[in-house]
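Encoded as structure tokens, the structure appears first; notes follow it.
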Amino acid sequence: AEAAEAAAADEAAAEAATVEAEGARAAADRARAAVSTAARAATRAAAQEVLAARDAMASAAAARAAELGKAAVDAERAEKVVKQAAIEAQAAAKTALEAHVAAAAKLTAAREAAAAAASESEQAAAEKAEAEAALARVDDDGGAGLLGVPAL
């Protein structure tokens, strides 16, 4: 009877151990499922962060490319403005040079005209002096010298 009781107790202990093992196995399965769910959620969150970071980097790169493109267009415009200004400055310099040459030619012509006028003025003064001298001689001899008659 004792052996039967001991066997029944062993059987009950074995059954309890089996129930306990099954409970432990179920708890382990639940823990594994929870860990797996948490790992999937963490992986999903990390993937979303990576996608968000990639989107942000792509947006930043696109914005930077747009800025660089605008800067390049602005630089081209500035280059055209500088070239146009250089062309206009060259044309102004050419016009100024032509005006200088024309003014120099006018100055030379004016100097030549002034020299000619001075020469004519000197000649007229010499002729006037000759005429005054002749008039003085007429006054001195009463005009006889002009007629070829000796003075009285």
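The values are calculated or read from the model by the stated rules, or taken from the named source; none is laboratory data. For clarity, every value in this text was computed on a predicted model and none was experimentally measured. Positions of Cβ are generated from backbone atoms using ideal geometry, with glycine treated the same way; all protein chains shown enter the neighbour counts. Protein only, heavy atoms only, side chains kept; ligands, DNA and RNA dropped before computing areas. Shrake-Rupley method; radii C 1.70, N 1.55, O 1.52, S 1.80 Å.
A few comments on the model shown:
- Simple Cβ-charge dipole of the chain, Lys/Arg +1 and Asp/Glu -1, about Cα centre, in debye nearest 20: 380
- Using heavy atoms of the protein chains and a probe of 1.4 Å, the accessible area assigned to D55 is about 100 Å².
- Gaussian network model of the chain, Cα within-10 Å springs - most flexible of A65, A21, A75: A21
- With R₀ set to 41 Å, the beta-carbon distance separating A65 from A34 gives a calculated FRET efficiency near 0.35.
- Set of lysines near K70 by C-alpha distance (under 18 Å), chain-local residues within fewer than 8 positions excluded: K80
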